[in-house]
Amino acid sequence: MPSPDLLNHSDLRVPDTATLLTAAVEAIGGAERPGQQRMAEAVERAIASGEHLAAQAGTGTGKSLAYLVPAIRHAVDKDTTVVVSTATIALQRQLVDRDLPRLAEALRPLLGRELKFAILKGRRNYLCLHRVQTGAPDDPEDAGLFDPQQLSALGRQVKRLNEWAEETTTGDRDELVPGVSEQAWRQVSVTARECLGAQRCPQGTSCFAELARAEAGEAHIVVTNHALLAIDALEEFQVLPEHDVVIVDEAHELVDRITSVATGALSGPAGEAAARRCGRLVEDGVADRLKESAEGLAVLLEDLPAGRLDVLPMSLGNTLAAVRDAAHACLTALGGERKDDDPAGMAARKAARSSVEELHDTAVRTLEAFEPEIAARSEVVWLDKPFAGAAATDRPQRPPTLHVAPIGVGGLLRSTLFETRTAVLTSATLTLGGSFEPLARQWGLPPLGESTGRDARTAAEGLAKTAQDPASRDAGAGSGSHRDGGKAAGEDTGDGEPMRWTCLDAGSPFDHPRAGILYVARHLPQPGRDGLPDAYLTEITELIEAAGGRTLGLFSSMRAARQAADELRGHLSHPLLCQGEDSTSLLVKRFAEEERTCLFGTLSLWQGVDVPGPSLQLVIMDRIPFPRPDDPVASARQRAVAARGGNGFMAVAATHAALLLAQGAGRLLRSVTDRGVVAVLDPRLVTARYGGFLKSSLPPFWATTDPAVVRGALQRLDTTASA
Ligand code: SF4
């Protein structure tokens, strides 16, 4: 029998997913997991039928194999590409450095060919060799960079980047350890709009971004991030290779990542930098007009109060119109590419056009955002003053900046993702309040309630329902239309085809009621606005002492985390670390290595800590993590839902809090032998009307409100761990 490598590939049938999964699990040395098998079958069905799939799979299910194996099968069988998108670098690295190489090795004999995979990011993530060679335009946009100290720090980082350029083989920013500031990176990278294009660039044949794109174009599996998915959807040019299936892992982050990419920013210094870039390329008067309008904007933004803008002040309207018109005049004067431009001249023209275009488009977009009635708006505008209230001696690091963001991204996702390819969305947390619908609505998917009801079993049984969407509505989540052709809530999908999706809860290998306790400190007062009350600090101390340290403190703000750390340090018998005292990864490493050490922090710890074993037996959350009342996007979303007759608080604030609570609680059990307590100090979890929705978003731990019971349990766990 010939070895598989000698077979004619066209003669070789690719085995089914079950066979491939068994081979993969055997080769990797794992055990068969029912949740993993169910998920792999569901992904295979979704790919075959074209129905989108939302699949929740808890920690330890083996989720990545469950989607990679059917994705590989499809890509190899059809000789096509499947895109896998993640939110975090950690997961990207796990897929590219660990899972895919092992799968390629394990499946080669069955596939009869080499599996090709690649990682692809946005152009700004790769070192631009042309810019390294020619230097960046001499126009730092950030006012703070005029500080001599910052400039010399910047110089040192750029020098390091130039040295790194000599040795890197990928130019990938994430491989640079330790990293550099955004300002430094900007000196050696370009946006897609600034790039000269491989044909005209002297470095085109050795360009890192071009090489990564070429490799991705040949790959069966392309791993990317949600930001590039968003850019692919938003830009006119295609950045990802042709693909008919996309797997979105860490899908609970999708809406935030897409919103962030689709958010425009406008500030005086950015306008002045754009004018400087035009300076030598257009007549003085044209660039001066842009400079003056940008200076006018800078002065005005200093005077306006920070926060969401529902009404466009006349002064701002006039200033934005002046910026828009001056930018337009600059663009006309700059013209397109010139045949007689040398590469340096072309790069300067591209850089100028790119920053003026961005300025112009954002000014237009901001003005247009105010045109519809408030209830019908699809975009929200706010003024951000990061250092408002700082002491007079504090040099502002960022200037006052106007932002414009889509209120919902459901319309955009529908038109660019769900209507054009099959999507599998997966995460450990996709059900909130026991349902997939809150997140699905934000993605722009139709409600399951209007489904055919086929296969409608409960989530706990592991199978799901099918939704049919002749005319989807997303009023519940407030997803509105997007500026660039996204369809508004309630519009038909456009081609008459109903949009169908299914969901699956692949379950969890953990026995939550036996392994964990949910303790709600019902006896405590409600959290207030003036920091942590003394009763909270006493409660935290008692819980940590009972647990013998081993505590992850998840606070709703950095201020609360610091207050708790400052007041408890010295009173506790155990070491206490606080986020911000060192890099987060080093703090988490110490926390994992030193069993009795505690770690306090905020948002990134809610989602990013993976510490199995006795170093983490208690997770404390100080309050229900609702968005801040002055959060412009959340408050605008809430209002949009209410305007459509929905419950804005439940659809936006409670959904946001439920997701974070579930993510935070998910830090506790990371292996099947883990045991511990999730302690929520905020009594509203059991006293408020929305408490039931939030509680049902958490893993099904055994629940108590009795502090003596929970302290006893923590002491027993500590004794066992110390034995
Ligand atoms: S092709 Fe674009 S990204 Fe690549 S080196 Fe040239 S200018 Fe830089």
The convex hull of the Cα atoms of the stretch 531-595, divided by residue count, gives a volume in Å³ per residue of 81 Å³
In nm², the average projected area of the convex hull spanned by the Cα atoms of the stretch 576-723 is 10.0 nm²
At most 14 other Cβ atoms within 10 Å and a DSSP loop assignment: could you name the GluC sites (Glu not before Pro) in the stretch 345-386 that fit?
-> 373
For the stretch 506-575, state which GluC sites (Glu not before Pro) are in a DSSP loop and have at most 14 other beta carbons lying within 10 Å of their beta carbon.
-> none
What does the accessible area per residue of the stretch 551-610 come to in Å², with a 1.4 Å probe and no ligands, DNA or RNA counted?
-> 47 Å²
Point-charge dipole on Cβ atoms (K/R +1, D/E -1) for the chain, about Cα centre, debye to 20 | 1160 debye
Residue-by-residue Karplus 3J(HN,Hα) for the stretch 115-128, coefficients 6.51, -1.76, 1.60, Hz, glycine and proline x | 7, 10, 9, 8, 10, 9, 10, x, 4, 5, 7, 10, 4, 9
For residue 159, which aspartates and glutamates qualify as cross-link partners when the Cα separation must be under 16 Å and same-chain residues fewer than eight apart are set aside?
-> 138, 167, 182
Per the helix-only calculation at 222 nm, which mean residue ellipticity applies to the chain, given -39500 (n - 2.57) for every DSSP H run of n ≥ 4 and division by its residues, nearest 500 deg cm²/dmol?
-> -13000 deg cm²/dmol
Determine the dipole magnitude for the stretch 296-438: charges of +1 sit on the beta-carbon of Lys and Arg, -1 on that of Asp and Glu, nothing else is charged, the reference point is the Cα centre, and the result goes in debye to the nearest 20.
-> 280 debye
Using alpha carbon centroids, what distance separates the stretch 70-140 and the stretch 522-548, in Å?
-> 46 Å
Using a 1.4 Å probe over the heavy atoms of the protein chains, calculate the carbon and sulfur portion of the accessible area of the chain as a whole percent.
-> 50 percent
Top to bottom by accessible area (1.4 Å), largest first, where do 339, 116 land?
-> 339, 116
For the modelled label position 7 Å from the Cα of residue 236 along Cα-to-Cβ, which residues of the stretch 172-198 have backbone nitrogen atoms closer than 13 Å?
-> 193
Taking the dipole about the Cα centre of the stretch 229-333, with the C-beta of Lys and Arg at +1 and of Asp and Glu at -1, give me whichever of 305, 261, 229 is farthest to the positive side.
-> 305
Go through the stretch 496-586 and name the trypsin sites (Lys or Arg not before Pro) that are in a DSSP coil and have 13 or fewer other Cβ atoms within 10 Å of their Cβ.
-> 529
Unit charges at the beta carbon, dipole of the chain: most positive-side option, 101, 69, 535 = 535
In the chain, helical segments from DSSP H whose Cα atoms cover 18 Å or more along their own axis and that average at least -1.0 on the Kyte-Doolittle scale are 34-49, 63-78, 284-303, 314-334, 343-369, 534-547, 707-722
So between residue 168 and residue 581, what do we pick up on full extension, going 0.36 nm a residue minus the alpha carbon distance?
-> 145.6 nm
With the stretch 161-293 reduced to its Cα atoms and the Debye formula applied, log10 I(q)/I(0) at q = 0.19, 0.20, 0.21, 0.22 1/Å amounts to -1.37, -1.41, -1.43, -1.45
Percent of alpha carbon pairs in the chain separated by more than 49 Å?
-> 17 percent
For residue 159 and residue 523, extending 7 Å from Cα along the Cα-Cβ vector and measuring point to point gives, in nm, a value of 6.1 nm
Using the heavy atoms of the protein chains and a 1.4 angstrom probe, tell me the accessible area per residue for the stretch 165-287 in square angstrom.
-> 43 Å²
The relative contact order of the chain, taking Cα pairs under 8 Å that sit 6 or more residues apart, comes to a percentage of 14 percent
Taking a label point 7 Å from the Cα of residue 265 along the Cα→Cβ vector, which residues of the stretch 308-334 have an amide N closer than 19 Å to it?
-> 308-309
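The values are calculated or read from the model by the stated rules, or taken from the named source; none is laboratory data. Since this is a predicted model, take the numbers as computed values, not measurements. FYI the Cβ positions are ideal-geometry reconstructions off the backbone, even for glycines, and counts take in every protein chain you see. Just the protein is used for accessible areas: all its heavy atoms, side chains included, with ligands, DNA and RNA removed. Shrake-Rupley method; radii C 1.70, N 1.55, O 1.52, S 1.80 Å.
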